[in-house]
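Single-structure report; data block below.
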């Protein structure tokens with residue numbers, strides 16, 4: 001097995017393990033993961049969706065009393081991993097990403113190095129994908145013994161922009177997109193992050209929302225539960241996944257297992273309060289959110305606050 005295949009196999013196994021274990025820090029919901037010539041297209045996604053059937057009567061959900069890795073989750077079957085697959089290495093190769101009928105050629109580099117996360121030996125896999133003038137950086141931390149994922153952080157590029165902006169002495173306001181909406185972005189930016197602005201869901205400032213805000217109770221409860229269980233700050237991305245699952249569960253509870261009825265239930269769902277906003281769906285609007293779902297935030301003293 002060559003180096004490229006070896007690293008790709010490790011990451012595929014790690015992603016499967018992440019699915020079995022539960023949330024991974026800063027995992028971006030709705031994103032695309034590329035491994036070598038791995039392509040994702042609408043046809044394949046639709047085939048997978050068509051294969052999913054759920055009978056609510058056969059599903060039993062019980063909240064685990066303990067966190068991942070202890071007796072409460074010991075019964076979860078994990079994929080077999082071979083710790084010998086990974087070692088220090090640097091790789092460079094080309095890949096192709098298909099998005100519908102659009103083809104994107106990528107230059108990919110992967111650097112595997114030893115690291116320590118919370119004092120535990122780990123492997124750090126840093127993947128840089130570049131296309132033209134654009135690039136994205138993913139950092140994947142794996143347990144050195146089990147190769148189970150411990151952290152997946154996406155794209156430090158905006159933090160580097162902040163530092164360059166300060167070094168150049170530019171005084172105009174710097175705006176980012178909502179893709180940087182996590183506490184990790186502030187930590188990576190350091191003092192250079194002070195004053196930057198971005199639109200983001202109210203989840204990041206849940207404790208600062210007025211008492212009569214319809215999202216305050218939901219966002220505050222999610223933030224508290226997530227932080228207490230996983231011992232890390234929330235990001236809006238985990239909130240997106242939470243909202244999606246709650247919407248699906250409500251639709252199944254209302255409509256039963258029939259896929260078309262579940263779809264119709266979601267399309268008729270109004271006033272659903274989530275961490276990302278108040279959702280009002282329709283047959284022509286599957287996003288369900290408008291501009292009111294965003295707060296304009298800024299970074300002040302190392303914290304997100306509502307910009308005024």
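No lab work stands behind these numbers, since they all come straight from the coordinates. This structure is a prediction, so every number in the text was calculated from the model and none was measured. In this analysis, Cβ positions are derived from the backbone assuming ideal geometry, glycine residues included, and neighbour counts consider all displayed protein chains.
Judged by the gyration tensor of its Cα atoms, with axes a ≥ b ≥ c, segment 83-236 is oblate; a/c meets the 1.5 cut and b/c is at least as large as a/b. Protection proxy ranking, highest mean first, for peptides 276-285, 198-207: 198-207, 276-285, where packing is the per-residue count of other beta-carbon atoms within 10 Å, averaged.
With a/c under 1.5 counting as rounded, go ahead and sort segment 153-308 into rounded, prolate or oblate using the C-alpha gyration tensor (a ≥ b ≥ c being the square roots of the eigenvalues; past the cut-off, prolate if a/b is larger than b/c, else oblate). Note, shape of segment 153-308 comes out prolate. Packing, taken as the mean count of other beta carbons within 10 Å per residue, orders the peptides 106-118, 83-95 from highest to lowest as 106-118, 83-95. How much FRET efficiency would the formula 1/(1 + (r/R0)^6) give for residue 194 and residue 264, where r is the Cβ-Cβ distance and R0 is 41 Å, rounded to 0.05? Result of the calculation: an efficiency of 0.30.
Contact order, relative form, for segment 156-308: 26 percent (alpha carbon pairs under 8 Å, 6 or more residues apart, mean separation divided by residue count). Potential lengthening of the chain between residue 208 and residue 145 amounts to 18.5 nm, from the contour at 0.36 nm per residue minus the alpha-carbon distance. Estimated from the Cβ-Cβ distance and a Förster radius of 41 angstrom, the FRET efficiency linking residue 178 and residue 85 is about 0.70.
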